[in-house]
Each structure stands twice: as structure tokens, then as C-alpha cells.
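Here is the structure we will look at, set down as C-alpha cells.
The values are calculated or read from the model by the stated rules, or taken from the named source; none is laboratory data. What you see is a predicted model; the values in this text were computed from it and never measured. Here the Cβ positions follow ideal geometry from the backbone for every residue, glycine too, while neighbour counts run over all protein chains shown. Quick note on the areas: whole protein, heavy atoms, side chains included, nothing else; ligands and nucleic acids left out. Shrake-Rupley method; radii C 1.70, N 1.55, O 1.52, S 1.80 Å.
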Amino acid sequence: MQKIWICGANGRVGRKLTGLLRSEPVELLLTDVDSVDITVSGDVMEYAGMNRPHFIINCAGLTDLARCQREPELAFKVNALGARNLSVAARMGKARLVQFSTDDVFDGDSREPYTEFDTPGPQTIYGKSKLAGENFVREFCSRHIIIRSSWIFGAGSPYLGQILRMAEQGQVIHAAADQYAAPTGAEELAEKTVELMYHGEDGLYHVTGQGSCSRYEFAREAVRLSGTGAPVMQARGGDDDLNALRPSYSVLDNMMLRISGIALLPDWKVMLEAYMEQWRRRRQDTGMAGMDWRQGR
Ligand SMILES: NC(=O)c1ccc[n+]([C@@H]2O[C@H](COP(=O)([O-])OP(=O)(O)OC[C@H]3O[C@@H](n4cnc5c(N)ncnc54)[C@H](OP(=O)(O)O)[C@@H]3O)[C@@H](O)[C@H]2O)c1
């Protein structure tokens, strides 16, 4: 039976992958920072040596952009050194490594979607440390898949979660109308990850929802699907605390999937609709459905 080690298993993507792989005939090894800190090389080697996984999936990371700016050494320690440790462990144990990365590796100056063949130029510490992690993976582990994704929603995403909380409370939602990317459903991303692993794919893949939108368009669509009727206003990126540091344009073209003949993910609106359907059902179960925010006050 194949053994799959998921590092950062308590994170958003880690939890989705765990949920998906639980129904597969595989043995899952689940760790997070409290059990195996990926920045401690000795611990990583020991765990990998004892358990001999066939796959290592690195979902661990320091993903808080503002914290990465404040604590650059920690960002490089987790996002770069951690990836290096796992790459070395994977190479030594002949395991395949799956590394998650981000659209933040690009500078955001383009107005054309970035392909896997475009040159990165990260502007933030988060983006720089994630690119350094990618480079370590390429350097130390030849059997790897690097998956860059963007605006992952549906797995406890703080951004969508905040929008929906504010919508339920009838607050005015301000969202950047000048930041563009391709939102990606966590469930669909997890499924595509497993497909790439099982098909023995190698190398770098952009995996995102098709189409693109601004944060404002995303928030407006999410609120429309929530049925709450909360107001959504356009803001500039710099006005939106959570996202002021992000590139203004980071749409990823999924060229490698396309030229490899692998099916693309659906349009982001289709994935958001599927997620919001589940959200409405959960809300119905808790007796909040059909409640316009104006009635809820
Ligand atoms: N979410 C997105 O929109 C998005 C977009 C593009 C790419 N990605 C990439 O996808 C991957 C997963 O993202 P995510 O959103 O699932 O992140 P997340 O929710 O922040 O999860 C990261 C997990 O890693 C753990 N961790 C932190 N430091 C660690 C260490 N030293 N050793 C072991 N585990 C550690 C965290 O634990 P604590 O919470 O206790 O720190 C957390 O459980 C990351 O590589 C990220 O760059 C995410």
C-alpha cells in the first residue's frame, strides 16, 4: 500500500487533501508543526527514515503575508529551508515530493496570464521565500511536482470567510477592484493534485480556476450567491488591509496542464457556485437560511 506523508496537514490545503485521500486505499501519515517541524532537518530525516513514505506532500508554510514581511527570516526558514529539508528527505528515501507554491512568485506587472515558462519576479517576502522553496525542490529532489495556485477558497479561506461573515452581519464589504487573479476551489485543487500524483506527472504546473476576476468581482459574486443582499463596494488594493501587499495582476495560465493533455479545472464561478451551495445548505441546517441581513438585525 502506498504511504503518503502530508506535512502541514492541519492547514487549509492539508485538510482538504487529507479528507480526499482518506477514502483512497493508501496509508496516510499526517503531521503538522507540533509533530514534525519541517525547519528541523534532523526531525524531518528521522521521520522520513522511520516511515519511508512513497509521496511527501508539503502543505506546510508560513502563508500570512504580513507576518512574512515582519519576520523575513522565519518566512525563509519555513517556506524555503523547510522545503529543502523535505526535498533532501524525499531524495534519500526515493519518495516523490509535491510542493505547493503561489502566484505571488510573479511581479504583477503583466496584463497577460503568466505561464510556467515566464520568469518569476516576486515583490514580497512571502513570494520570495516561496520561490526559494521551489528552487530548493528543483535542486535537491528530481522527482517532484510543484503546483502553483492562487486565491484558494473553500477550505476555511480567511478571505472568503471574512466576506461571508460580513455579509451575514450586513456590513459593507470593501474589496480591491485593481487586484486580479484566478480563484481556485480547494476541493478541485486537491482532486487535481491527486490526479497529477497518480498519473506520475513531473515538474511545474499552474493549477487554478479558469477565467479571472478582481477581488471586488469575487466578493460581489460570493455575496450574490450567499443571498444575503449585503452591499459590496469597490476599493483600491492599498485600502484593503489584508491584500495591500499582493501583486495587482497574478492570473496563472495553466499551460502545462493544457499541453500535457490534462483536463483543466472548471471556471472559478462554477467552483464558487458549488462551494456556496454547500455553504447555503450548512446555513439552512443551522436555521439561518433565507434570512436577509436586514431581517437579522
Ligand atoms: N491559501 C491560498 O490561497 C494559497 C494560494 C496559493 C498557494 N498556496 C500554498 O498552498 C500551501 C498550503 O496553503 P494553506 O492555505 O493550506 O496554508 P495554511 O492554512 O497556512 O497551512 C499551513 C500549515 O503549515 C503549518 N506549519 C507552519 N510552520 C510549519 C513548520 N515549521 N513545520 C510544519 N508545519 C508548519 C501551519 O501550522 P500553524 O497554523 O500552526 O502555523 C499550518 O497548519 C502553501 O504552500 C501556500 O503557499 C496557498
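Things to note:
- Scan segment 118-137 for residues that are out of contact with any helix residue (DSSP H, G or I) (no Cβ under 7 Å at 6 or more places or on another chain) and in a loop (DSSP other than H, G, I, E, B) and the total you get is 4.
- Looking only at segment 20-30, and only at residues there that are farther than 20 Å from residue 89 by Cβ and charged (D, E, K, R), the one that is nearest to the ligand (Cβ to nearest atom): 22
- In segment 107-116 there is no residue matching the filter, namely being at pLDDT 95 or above and near the ligand (Cβ under 8 Å from one of its atoms).
- Listed here are the helices (runs of 4 or more DSSP H) enclosed by segment 138-252 that have at least 1 residues being more than 27 Å from residue 9 (Cα to Cα): 158-168, 215-226.
- Across segment 138-160, a minimum of one residue is classified as away from the ligand (no atom under 13 Å from the Cβ) and among the aromatic types (Phe, Trp, Tyr).
- A search for C-beta distances below 7 Å between a residue of segment 159-187 that is of a type in the set (Asp, Glu) and any residue that is more than 15 Å from the ligand (Cβ to nearest atom) and in a loop (DSSP other than H, G, I, E, B), counting only pairs 6+ apart in sequence or on different chains, returns 168/228; 168/293; 178/236; 178/248.
- Test: residue in segment 84-97 that is near the ligand (Cβ under 10 Å from one of its atoms), hydrophobic (A, V, I, L, M, F, W, C) and open to solvent by less than 20 Å² (accessible area, probe 1.4 Å): yes
- A Cβ distance below 7 Å, combined with a sequence gap of six or more or placement on separate chains, defines the contacts here; from segment 7-19, residues that are within 19 Å of residue 83 (Cα to Cα) and within 6 Å of the ligand (Cβ to nearest atom) reach no residue that is open to solvent by 60 Å² or more (accessible area, probe 1.4 Å) and at pLDDT 95 or above.
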